[in-house]
Amino acid sequence: MIARSSDVQVGAGPVQLAAPFSIRCSESTVHMPEPRAALFHAVPVVIEGALAPMALFYLSLLLGGFRVALVSALCWSYLATARRALRGERISTLLILGTVLITLRTAVAFVTGSAFVYFAQPLAGSVVIAVVLLASAACRRPFTQRFAHDFCPLDPDLLAEPRVQQFFVRISLVWAAVLLVNTGVVVWLLLTSSVRAFVLERTAVTWSLTAAAIFFSVYGFVVTMRRDGRRVQWGRCAAAGEYVPG
């Protein structure tokens, strides 16, 4: 079972879950977060950590050139991180990783002066992640479990079930395939498109493939739970434990 309250026991102590992600389950039903609430929570994080610096990079590229675009995107990431730190707010993993990676990419791009090098660096990272996913699946310790726990903590007993383990192994293979396909397509675009066109084309391809992978991941989990005799309902849980449809 997933959770019976707004806390999930992990290790020695409880991990507090934000209200939209408070989940519980009974013997026959798994109550998942309301999709709309989860979306409203995720969208600002994605905008701050990924979409905003990318949009600012493209706008600055049109107005001031490649080096101005590098500095603009980098400044956004630093300012967003500093703003959250000064206000005592949690800094998202996406923003932290994005800031670290864009710092490295910008430094290398300034040294080489090459837009190709700037855009090629994350492609190498995608291949490495895909290899890690494949290796974790082969070892029957799917790395996708960690990602799932970040967004929607699952009870260790549920994760230990063979059917759930098999699900995460399959999903690891799916995400590895998506990353490799995306890398291949983006490399082709990088070699055949202008910098301005590439930024938009890469965004469309990457986000389309990511959205498809997310859909199949969620759908696969629902199917797995149904085969295990559990019904999956989406919505929020009231404080008293009463299920309230979304």
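The values are calculated or read from the model by the stated rules, or taken from the named source; none is laboratory data. Fair warning: this is a prediction, and the values are worked out from it, not measured in the lab. In this analysis, Cβ positions are derived from the backbone assuming ideal geometry, glycine residues included, and neighbour counts consider all displayed protein chains.
Okay, here's what the table says:
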{"item": "Single match in Val218, Val174 (criterion: farther than 20 Å from Leu51 by Cα, at pLDDT below 85 and within 16 Å of the chain's Cα centre (by Cα))", "result": "Val218"}
{"item": "Selection within the range 177-215 - within 18 Å of the chain's Cα centre (by Cα), surrounded by fewer than 13 Cβ atoms within 10 Å (Cβ to Cβ) and polar (S, T, N, Q)", "result": "Ser208"}
{"item": "Glu27 vs. criteria of a type in the set (Asp, Glu), surrounded by 13 or more Cβ atoms within 10 Å (Cβ to Cβ), at pLDDT below 75 and closer than 22 Å to Gln233 by Cα", "result": "no"}
{"item": "Selection from the range 117-142 of residues that are touching a helix residue (DSSP H, G or I) at 6+ places or on another chain (Cβ under 7 Å) and more than 19 Å from Leu104 (Cβ to Cβ)", "result": "Ala130, Leu133, Leu134, Ser136, Ala137, Arg140, Pro142"}
{"item": "Cross-chain or 6+ apart pairs with Cβ under 7 Å, the range 110-138 first and part of a helix (DSSP H, G or I), then modelled with pLDDT of 75 or more and aromatic (Phe, Trp, Tyr)", "result": "Ala115/Phe66; Phe119/Phe198; Leu133/Trp175"}
{"item": "Search result, residues across the range 66-121 that are under 24 Å from the mean Cα position of the chain (by Cα), over 26 Å from Ala42 (Cα atoms) and hydroxyl-bearing (Ser, Thr, Tyr)", "result": "Thr106, Tyr118"}
{"item": "Residue within the range 189-209 that is without any contact (Cβ under 8 Å) to a residue 40 or more places away in the chain, of a type in the set (Asp, Glu) and on the phi < 0 side of the Ramachandran plot present", "result": "yes"}
